[in-house]
Amino acid sequence: MAYGYYPGCSAHGTAKEYDISTRKVCVKLGIQLEDVADWNCCGASPAHATSEELSLALPLRNLALAEKQGLNSIMTTCSACYNRLKVAHETVKESPETLNRINDIVGEPYNKTLKVTHFVNFLFEEVGLEKLKEKVVKPLENVKAACYYGCLLTRPPELVTIDADPENPTIMDGIVEALGAEAPDWSHKTECCGASLALSRTDIVVRLSGEILKAARFADADCIVVACPLCYANLDMRQSQIASRHGVDYSLPILFISELMGIALGVNYDELGIDKHMVSAANMLKEKGLM
Amino acid sequence: MIYQLNANVRNFGETISELSGVDISTCYQCGKCTAGCPVVMEMSHTPNQIMRLIQLGLKDEVLSSPTPWLCASCETCTTRCPKEVDIAKIMDTLRILALKEGYKRKEPNVVAFNKIFLDSIKNNGRLQETKLAIVFNLKTLQFFKDMMLGQKLFKKGKISFSNDSIKGTDAVKAIFERSKGFLNKGER
């Protein structure tokens, strides 16, 4: 049975390696992904800041297409896409009136049959930590990987998270530990990186992301693990600006969860796209004997 | 600051509650939203102040505040509110209302970003990050913003000028045309 896959817009741009490594890792795990054909952007923050109907209709078109394609589930790797798809699904599930109204806007009916999930939740629920452990061929020994959940993977908790405590989520930590790495407790797991203010108020993003890097360094982390292209963009791509502002060059590699998994599951480094990062992870991986 | 209240004081609060579907009257000013807000240091009105101003019906003060435009939509406030007030949803409502009623925005770059972003989706079905950044820089007259970063991204193969359009662009355009803001909800 194939799982529906919604890559999201960043998978074709700044987070190419997230898409590349996710596909590689799924092959290793024997998971068949089927892309939702002709998917469109979820609308992200600009949509819900502009029109509630638009913010529901854009994700719902994707859900309707996935259903029409015969899929039972839709999995995405982006926390922001996940949040929009899941909130739209839950909203129309709650309110038949809203469902009818949005179906009319979309022009394709959605019948609420899909399971909407994020890659991290998918790994935890559908693959399971035990199976993941069995598949590890290169344990990530001595790697201290600080798991960063950001905002939209856990909030609003009643709609999107499967973690018991949204203020201190642990699902990603469990995955990272299953890969043989250490996941330290740290202060900034769910602090905001500035998210959609990336271009419009870059100064705020530099400040907030700088705090996150500082906290990870304080926890002695070798890298930060992320599960969202926007968190990644702010933490990785802004590091040189953060360095010039804070006067500290953290040089902290930011790795997608799929990349870290790829290494542990024995995918070749070159096939994961890790060399596309602004802050190179090569030295850290060499030091740990993983490259 | 001294505010002059008038007879219509309740109306604005009721309007916001109706449009957002969130009961704003239950906020009792504990300040937890403000304590957890990551952007509060940039705000002229803190989130709990916005809530109080809405309750007092001070429409102009609220709708000309830059606070909703600075909100990063991280939803920490909504998650932590002991009265289950969806403050992030209120911020959306205020943004939409401020746009509709033509209030002078104090965070023009955020408004510009949202518009360019949505135009890109409307025309192509998907967001093209490279184009978004270039158009944003041109429209906000920041010609050299992130140029160094752009060069580095180019070397990593992450800059693309090709069209990432979908087949269903007409379907997406139709969604934009049929979608309305909160204000039109009652008209249907």
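The values are calculated or read from the model by the stated rules, or taken from the named source; none is laboratory data. If you're wondering where the values come from, they're calculated on a predicted model, not measured in any experiment. Because the Cβ atoms are built from the backbone with ideal geometry, glycine has one as well, and the counts that use them run over all protein chains shown.
The sole residue among A:Leu255, A:Leu260, A:Leu230, A:Leu213 that is surrounded by 23 or more Cβ atoms within 10 Å (Cβ to Cβ), within 14 Å of chain B (Cβ to nearest Cβ) and either hydrophobic (A, V, I, L, M, F, W, C) or closer than 29 Å to A:Arg155 by Cα (or both) is A:Leu230. When each of A:Cys228, A:Cys223 is tested for being in contact with a Gly (Cβ under 6 Å, 6 or more places away or on another chain) and either at pLDDT 95 or above or aromatic (Phe, Trp, Tyr) (or both), the lone residue that passes is A:Cys228.
Which ranges mark the helices (runs of 4 or more DSSP H) fully within the stretch B:41-130 that have 2 or more residues being within 14 Å of chain A (Cβ to nearest Cβ)? Per the criteria, B:67-70, B:76-80, B:87-100, B:108-124. Any idea which residue in the stretch A:1-22 is nearest to the other protein chains (Cβ to nearest Cβ), counting only those that are touching a helix residue (DSSP H, G or I) at 6+ places or on another chain (Cβ under 9 Å) and among the hydrophobic types (A, V, I, L, M, F, W, C)? The selected residue is A:Cys9.
Matching residues to (1) under 28 Å from A:Asn234 (Cα atoms); (2) modelled with pLDDT of 95 or more; (3) not assigned by TED's automatic domain parsing to the domain that holds A:Tyr110:
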{"residue": "A:Trp39", "(1), (2), (3)": "yes, yes, no"}
{"residue": "A:Thr50", "(1), (2), (3)": "yes, no, no"}
{"residue": "A:Leu58", "(1), (2), (3)": "yes, yes, no"}
{"residue": "A:Glu67", "(1), (2), (3)": "no, yes, no"}
{"residue": "A:Ser79", "(1), (2), (3)": "yes, yes, no"}
{"residue": "A:Tyr82", "(1), (2), (3)": "yes, yes, no"}
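What about A:Thr113, is it more than 10 Å from every other protein chain (Cβ to nearest Cβ), touching a residue at least 24 places away in the same chain (Cβ under 8 Å) and not charged (D, E, K, R)? The answer is yes for A:Thr113. In the stretch A:23-45, of all residues being surrounded by 24 or more Cβ atoms within 10 Å (Cβ to Cβ) and in a helix (DSSP H, G or I), the one that is nearest to the other protein chains (Cβ to nearest Cβ) corresponds to A:Ser45. It is to be established whether one or more residues within the stretch A:180-200 are under 21 Å from B:Ile159 (Cβ atoms), outside any helix (DSSP H, G or I) and modelled with pLDDT of 95 or more. The answer is no, given that none of the residues of the stretch A:180-200 is under 21 Å from B:Ile159 (Cβ atoms), outside any helix (DSSP H, G or I) and modelled with pLDDT of 95 or more. Out of curiosity, is A:Pro156 within 30 Å of A:Glu52 (Cβ to Cβ) and surrounded by 14 or more Cβ atoms within 10 Å (Cβ to Cβ)? Yes, satisfied. Working only within the stretch A:81-133, note down all residues that are assigned to a helix (DSSP H, G or I) and aromatic (Phe, Trp, Tyr). Of everything in the stretch A:81-133, those that are assigned to a helix (DSSP H, G or I) and aromatic (Phe, Trp, Tyr) turn out to be A:Tyr82, A:Phe119, A:Phe122, A:Phe124.
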